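Nothing in this text is a laboratory measurement; each read-out follows from the coordinates by a stated rule. Note that the structure is predicted; figures quoted are calculated from it, not measured. With ideal geometry, Cβ positions are generated from the backbone for all residues, glycine too; neighbour counts draw on all protein chains shown.
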Amino acid sequence: MTETAEQEFLLLINQNQGIIRKVCHLYGRNDADKDDLYQEIVIQLWKSFASFRGEAKFSTWMYRIALNTAISNLRKQSRKVALSFPEFIPVELADTDEEKIKEEKLKEMYAAISRLTEVEKAIVMLYLEDKSYDEMEEILGISSGTLRVKMNRIKEKLRTLTKAQTYGT
Amino acid sequence: MELDQLKEMWGDVGSKEKGPSADELQTLLQKKSKSPIAKMKRNLFFELLFMVILYVFTIFYYFLNYTGGMLISAWMLIVIGVLYFFYYLQKRKLLNRMECVSCEVKSNLNMQLRVLEKYVKFYMWSGTLLFPIVFIITGMIVFLYSPDTNANPVTKEPLFIWVFLAVMIVFAAVLTIPIYFLNKWYVRKLYGQHIERLKTIVNEMNED
């Protein structure tokens with residue numbers, strides 16, 4: 001591939017850095033895992049870059065590759081997971097009780113998401129990215145009607161999981 | 001906390017992390033992919049390399065050290081080598097068809113599962129069927145060209161040869177049964193877990 005293509009690729013990677021990082025945060029279980037996944041996604045993006053013809057939006061194409069890579073890599077899951085939170089979750093910085101409670105609940109929610117299945121994580125990620133159900137369908141290939149049903153079930157599951165964490169069950 | 005509250009903060013995830021520089025990207029792209037399919041492709045290539053080295057060495061050994069009837073072994077190895085090459089091409093073709101990372105996630109995973117199951121079936125059956133073929137051919141060559149056979153007029157009788165062949169076929173058939181189960185166990189050990197997890201994901205994606 002030419003140097004121009006490499007520069008163009010670098011620019012697009014940097015512009016859409018957040019997509020890759022978010023996928024890594026959701027699917028990587030620890031920092032080393034996240035780094036491996038980041039590397040794998042960039043390699044897969046580069047391999048497919050020559051065949052990108054702009055039929056889909058660049059971000060849609062990128063979500064597909066990032067999620068396909070994260071889901072189908074199917075790394076062995078260890079039972080004990082050292083969960084590392086993304087940097088937007090403050091680490092013991094809250095001053096007031098109210099802030100502390102909010103922080104704790106945020107961690108609970110994030111921990112609950114990490115217990116979802118690979119497919120559920122993908123749906124949650126696109127939901128958090130504020131994608132419409134039609135866009136989700138374009139990326140995941142699941143019909144928008146089914147996605148709506150699944151999303152409701154996921155929300156319910158997350159409620160149960162966060163409650164279970166709160167009451168220690 | 002509700003998911004929608006997390007949504008408000010989600011936009012900031014990864015925003016503080018820098019993207020790679022041109023040099024970092026170069027280094028990153030030179031690394032080998034760790035995806036299961038890339039690993040399978042690398043393993044297949046090493047298998048080919050091993051077979052080429054082994055076959056070339058053995059074939060040359062036969063051609064340089066033997067003459068006459070024993071050379072048939074070298075020719076048999078060439079035939080098996082050519083068959084192996086077609087086997088390699090078929091496996092390579094299946095591996096190349098196994099993924100489409102830029103396709104919709106559901107169709108990619110469906111395809112991956114379908115092709116992987118085909119790949120495993122091909123791997124298992126080719127390994128199982130190769131055994132009786134090699135067993136019978138090797139047995140017949142050893143029998144027909146051994147000095148003992150040539151020294152004894154009874155063993156050179158056509159009827160004796162046919163009986164020997166029939167015995168070899170029966171033995172091959174009996175031994176193929178444990179080979180089939182051994183292959184099945186080995187293939188399952190290699191790919192079983194991966195297939196099961198893919199099936200779980202695909203089923204989850206397909207259910208309404």
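When only the Cβ of Lys, Arg, Asp and Glu is charged (+1, +1, -1, -1), the dipole of the range B:1-80 relative to its Cα centre reaches about 440 debye. For the protein assembly as shown, the cysteines with no partner cysteine C-beta closer than 4.7 Å are A:CYS24. Alpha-carbon geometry of the range B:60-120: the Rg and the Dmax are 19.7, 60 Å, given in that order. Under 14 Å from a point 7 Å along the Cα-to-Cβ line of B:ALA22: which residues of the range A:31-52 have their amide N that close? Those under the cut-off are none; the list is empty.
Phi-derived couplings, Karplus 6.51 cos²θ - 1.76 cosθ + 1.60 at θ = phi - 60°, listed residue by residue for the range A:25-39: 5, 7, 9, x, 8, 8, 4, 5, 4, 5, 5, 4, 5, 4, 4 Hz, with x used for Gly and Pro. Taking the Cα of A:ARG153, stepping 7 Å toward and past its beta carbon, and measuring to each backbone N in the range B:172-208: which are under 13 Å? Residues B:201-208 qualify, since their backbone N sits under 13 Å from the label point. Cross-link check: pairs A:LYS22/A:LYS47; A:LYS34/A:LYS157; A:LYS22/B:LYS32; A:LYS131/A:LYS163; B:LYS118/B:LYS189 evaluated at a Cα-Cα cut-off of 19 Å; pairs beyond the cut-off: A:LYS22/A:LYS47; A:LYS34/A:LYS157; A:LYS22/B:LYS32; A:LYS131/A:LYS163.
Adding -39500 (n - 2.57) for every DSSP H run of four residues or longer, then dividing by how many residues chain B holds, sets the calculated 222 nm ellipticity at -27000 deg cm²/dmol. Here, the range B:98-148 yields an orientationally averaged convex hull projection of 4.3 nm² when only Cα atoms define the hull. Considering only Cα atoms, the convex hull volume of the protein assembly as shown works out to 192 Å³ per residue.
Per-residue shielding of A:61-72, expressed as the average number of other chain Cβ atoms within 10 Å of the residue Cβ, stands at 5. At an R0 of 30 angstrom, the distance between the Cβ atoms of B:THR200 and A:ALA164 translates into a FRET efficiency of 0.85.
Per-residue extension of 0.36 nm, minus the Cα-Cα distance of A:GLU8 and A:ARG115, leaves a gain of 34.8 nm for this segment. Give the shape of the range B:35-173 as rounded, prolate or oblate, defined through the alpha-carbon gyration tensor: a ≥ b ≥ c are the square roots of its eigenvalues, a/c under 1.5 means rounded, and otherwise the shape is prolate if a/b is larger than b/c and oblate if not. Note, shape of the range B:35-173 comes out oblate.
In this simple spin-label model, placing a label point 7 Å from the Cα along the Cα-to-Cβ direction at both B:GLU47 and B:TRP75 gives a separation of 2.9 nm.
Relative contact order of chain B, taken over Cα pairs closer than 8 Å and 6 or more residues apart, is 19 percent.
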